[in-house]
Amino acid sequence: MSTTSTPSTPAKRGVFSRLYTGTGAFDVVGRRKVWYVAFGTLVLICVLSMVIRGFNLGIDFTGGSQFQMPAAGANGTITTQQVEDVFRSSVGQEPSSAQSAGAGGSATILVRSEPLNPAQIASFKDAVFHQLEPLDASGQPSEQVISDSAVSGTWGGEITRQALIALAVFLVLVTIFLAFYFERAMAIAALVALVHDVVVTAGIYSLIGFEVTPSTVIGLLTILGFSLYDTVVVFDKVKENTRGLLNLTRRTYGEQANLAVNQTLMRSINTSLIAVLPVIGLMVVGVGLLGVGTLADLALVQLVGIIAGALSSLLLATPLLVDLKMRDPRYRKQAERVAARRARAAAAQSGDTEEDLDTADDEALARELRRERAMAAAASAPDRARPGRPQGKAGQGRADHNRAAGRPSGKRRR
């Protein structure tokens, strides 16, 4: 009965089984319009947020005042909340950030704010000394341990300018590498995925209001390498699966690319998880335990970038590659031959012993490929006349008789 046929077996497999086997059970390329709409909507929201809301730039970009003091006070450990309360009461405005760094006796409090005048700086330091009494190295309250400095926005702007130059050089080198190692269509698809990762990561920072620091800019550059690595892994499998495809009529380019995505899907998921775990550890240890704000900026941008890069490599780059390749008339004609072959196989209800190949079976595809190559080699070989069989007896003139009858003499002619 049809209910017990072989094609129904893969449907009974679980999700994890289909992930690990990579038999093409997930139609990623076939649903590419859904991914285009989803990614396009996300990119549009991010761009609108960057244009309308802008970014929450840190004082490294805007300039401001910075204060640093020990976390150890005469009345116990000084918390960031206490420092923020003192800042509001003495200066009359909110600080940009108040963070703790270090642990134990070396713990410090770092406060950043908009540029303050000398009177405001003196008022804040005096209020901190009298209310919180930070201790010096000898364990005595001292106002000298409260240091202040002015931060210029020039340094942050220089970091951003150098990062943009590095990004431009990186994109140019990546384009050249992909164009030579793979092909032009793959280079275009990979660059689109990279641009998506940058826009989405920056847009999420704008939407949520994360503070943008030089660490954020540096972290943004690091995720590009990860995203490119994941894309290259998928494209390399696509290149392997589509080698010699134009001479075959079993699968289209889109089906082969979809199989490549399924075959590398579990690897991409595992790689992303392994890359995310250290980032989560960086956030837990650096932010939760040590309270280092710089680590938080670096960890957040990497976390967002890794997730965006993994999704774009699988759901955006490969479907876009298929659309670019199908613009080639050769691949369109090959897809038409595949459709015609399947139509003939479906129409042949009886008398056709040829079994349609399962598009999810790599072994069957390999056997069919070897058979087609053998048939092509046999078809290209010239026909030879079948040698005749001699009728005479062996004797003194057998060699002449064999040559006349067409029977081989047993010696190879050179």
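Looking at region 199-213, is at least one residue hydroxyl-bearing (Ser, Thr, Tyr), within 30 Å of Arg53 (Cα to Cα) and more than 20 Å from the chain's Cα centre (by Cα)?
Taking every residue of region 199-213 in turn, at least one turns out to be hydroxyl-bearing (Ser, Thr, Tyr), within 30 Å of Arg53 (Cα to Cα) and more than 20 Å from the chain's Cα centre (by Cα).
Within the set of pairs 6+ apart or on separate chains, which have a first residue in region 314-340 that is farther than 18 Å from Arg32 by Cα and of a type in the set (D, E, K, R), a second that is assigned to a helix (DSSP H, G or I) and open to solvent by 30 Å² or more (accessible area, probe 1.4 Å), and C-beta atoms under 9 Å apart? Pairs that qualify, where the first residue is farther than 18 Å from Arg32 by Cα and of a type in the set (D, E, K, R) and the partner is assigned to a helix (DSSP H, G or I) and open to solvent by 30 Å² or more (accessible area, probe 1.4 Å), are Arg330/Leu246; Lys333/Leu246. For region 16-48, residues that are part of a helix (DSSP H, G or I) and either modelled with pLDDT of 70 or more or under 19 Å from Asp323 (Cβ atoms) (or both) total 17.
I'm trying to understand the selection: among the residues of region 140-155, which are of a type in the set (A, V, I, L, M) and either surrounded by fewer than 16 Cβ atoms within 10 Å (Cβ to Cβ) or assigned to a loop (DSSP other than H, G, I, E, B) (or both)? Ile146, Ala150, listed by residue number. If we scan region 226-237, do we find a residue that is assigned to a helix (DSSP H, G or I) and either on the phi > 0 side of the Ramachandran plot or touching a Pro at 6+ places or on another chain (Cβ under 9 Å) (or both)? There is no residue in region 226-237 that is assigned to a helix (DSSP H, G or I) and either on the phi > 0 side of the Ramachandran plot or touching a Pro at 6+ places or on another chain (Cβ under 9 Å) (or both). Annotation: Ala335 fulfils all but one of (1) in a helix (DSSP H, G or I); (2) open to solvent by 50 Å² or more (accessible area, probe 1.4 Å); (3) at pLDDT 65 or above; (4) not acidic (Asp, Glu); the unmet one is (2). Considering (1) under 22 Å from Gly209 (Cβ atoms); (2) part of a helix (DSSP H, G or I); (3) modelled with pLDDT under 85; (4) of a type in the set (Asp, Glu), say which one Glu158 fails and leave the rest. Of (1) under 22 Å from Gly209 (Cβ atoms); (2) part of a helix (DSSP H, G or I); (3) modelled with pLDDT under 85; (4) of a type in the set (Asp, Glu), only one is false for Glu158: (1).
State yes or no: is Glu84 surrounded by 13 or more Cβ atoms within 10 Å (Cβ to Cβ), within 43 Å of the chain's Cα centre (by Cα) and of a type in the set (Asp, Glu)? So Glu84 fits the description; yes. Residue count for region 200-227 under the criterion of being open to solvent by less than 30 Å² (accessible area, probe 1.4 Å) and either in contact with a His (Cβ under 8 Å, 6 or more places away or on another chain) or not small (Gly, Ala, Ser) (or both): the result is 10.
The values are calculated or read from the model by the stated rules, or taken from the named source; none is laboratory data. Quantities reported herein were computed from a predicted structural model and do not represent experimental measurements. Reconstructed Cβ throughout: ideal geometry from the backbone, glycine too, with neighbour counts over all protein chains shown. Quick note on the areas: whole protein, heavy atoms, side chains included, nothing else; ligands and nucleic acids left out. Shrake-Rupley method; radii C 1.70, N 1.55, O 1.52, S 1.80 Å.
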